[in-house]
Amino acid sequence: MKTRRLTKKEMRIFAVGQLGWSILGGIINTWLVTFYLPTKEAVENEQAPFYVPTGLIIFGVLTILGLITFICRIFDAVTDPLIATLSDRSKNPKGRRIPFMRIAAVPFAVITVLVFCAPVQKISGINIAWVLVFLILFYLFMTMYCTPYNALISEFGKTQDDRMYISTAISLTFFFGTLIAYLPFLFAGMLRGMNISYSWSYRILFIVLAVIALICMLIPTFKLNEKEFVDTKPSESNALKSLGATFRNKDFLKFSASDIAYWIGLTLFQTGLPFFVKVSMKLDEGFTLYFMGAMTVLSACFYPFVSKMVKKHGKKKLVIIGFLGLALAYVITALIGVIPLPGVVFGVLIVIIAAFPMALLGIIPQSIVADVAEEDSIQTGENREGMFFAARTFAMKLGQSIAMLVFTSLAVLGTTQDITSNDLTASDIGLRIIAIVAVVFCALGAVILSFYNEKKVMKTINDAHAARGEEE
């Protein structure tokens, strides 16, 4: 069957799906800790309830939320390669990827809201079980949508220009989706002014955002005919064989290790921003949205230049620069309260410094995965894009979970409260330690990626395209 390249309009339609799932991911990354570990001010001034214990009650170093995210990672270790294999092996006449995305979209959106609907209005074991079960289901359906979706990046991106355009478009929608997930900071207070409770002021907004996300996720599944663009032979490998072959790719291993460090750094920023604003900078929570919005817009201004810079400098070098730039933003964050400057000044400095690194790290890594997947396909003759992107999805969720584990465990250090108490909140010292830890992870990511052999990967791809008489 003769296939064709996507038009630019079709690539943008594809990117709308990323807008949808990034809203849902942003809700969990931003609000899971904020909702279930409210600040002291939220408890005293807004009657924020505690649904689960917040103290370091697991071996004296972990919170209940930290343990829950750890359990979810174990579950993910099984489901990520399983979903990837089912997608790679699929013989569905409508394609290997889009049918999975259609099935996953509705439960993915509904379960995101249910994570925040703990039924008992006080600290309870029932609430702990509720959050655990629905967070596991959240990650299951996230995998079921995101792994096939991301595999299409390689399959839809038939040339390097197409691949960079798609990566740029989905990076932009990712950051705007994450920004949209911050909107409750702006509107929840208005709802509470209408005598709506603290919890429901957020739940109502989560429902609205989930509906928007669902529509966005379904748009590419109905507007794009996968078989019109992709005609690949389904993989015959089982899950274990395919997973083993994927991780035998040394360049992918190096990239994945650095990618985990990236997601730890990014999630520490997303999860920590509300706390940095309210606790460290002593500002109203509305500034969280202002800072995130400013950084997203400023980062987007750099997007048109990234593709040109990739052609001139290559992908690896620019990602390393992104890591180091993000580390610098965290250095500034760690200095809040040390240097006598107003909190808003620190916020502006972080926005300015982080914007360009976020553009680099938002666009290029997806394209690197697509490159490695294509190079592996050329070398082995087997199309396992789903497994490569499943591994990247797992790296993302592993990094996010480690970040939440780190955040919930370190944020309370240095507090004068009883660290096993059920109403423990974040401290200035704990947040400063988190920023320093983030610097370390960003630097580690840069070091690991320096071992990635970009020249070998690109030579294999370019030689194969040249042999087929294709232009890049």
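The values are calculated or read from the model by the stated rules, or taken from the named source; none is laboratory data. All figures in this text were calculated on a predicted structure; none of them were measured in a lab. Note: ideal-geometry Cβ built from the backbone for every residue, glycine included; neighbour counts use all protein chains shown. Note: accessible area is taken over every heavy atom of the protein model, side chains too, but ligands, DNA and RNA are not part of it. Shrake-Rupley method; radii C 1.70, N 1.55, O 1.52, S 1.80 Å.
Computed values, structure above
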item	result
Acute angle (nearest 10 degrees) that the helix 286-313 long axis makes with the longest principal axis of the chain, alpha-carbon atoms	20
Pairs beyond 25 Å (Cα-Cα), from Lys278/Lys317; Lys8/Lys223; Lys91/Lys158	Lys278/Lys317
Over the range 105-196: Rg over Rh, Cα atoms, Kirkwood Rh	1.12
Ellipticity estimate at 222 nm from DSSP helix runs (n ≥ 4, -39,500 (n - 2.57)) divided over the chain, nearest 500	-26000 deg cm²/dmol
Accessible surface, the chain, averaged per residue in Å² (probe 1.4 Å)	38
Nearest 10 degrees, 0 to 90: helix 250-275 Cα axis against the chain principal axis	30
Solvent-accessible area, 1.4 Å probe, carbon plus sulfur percent, for the chain	69
Rounded tilt (10° steps) of 428-449 against the dominant C-alpha axis of the chain	10
Which of Thr288, Ser256, His313, positive extreme of dipole for the range 169-315 (C-beta unit charges)	His313
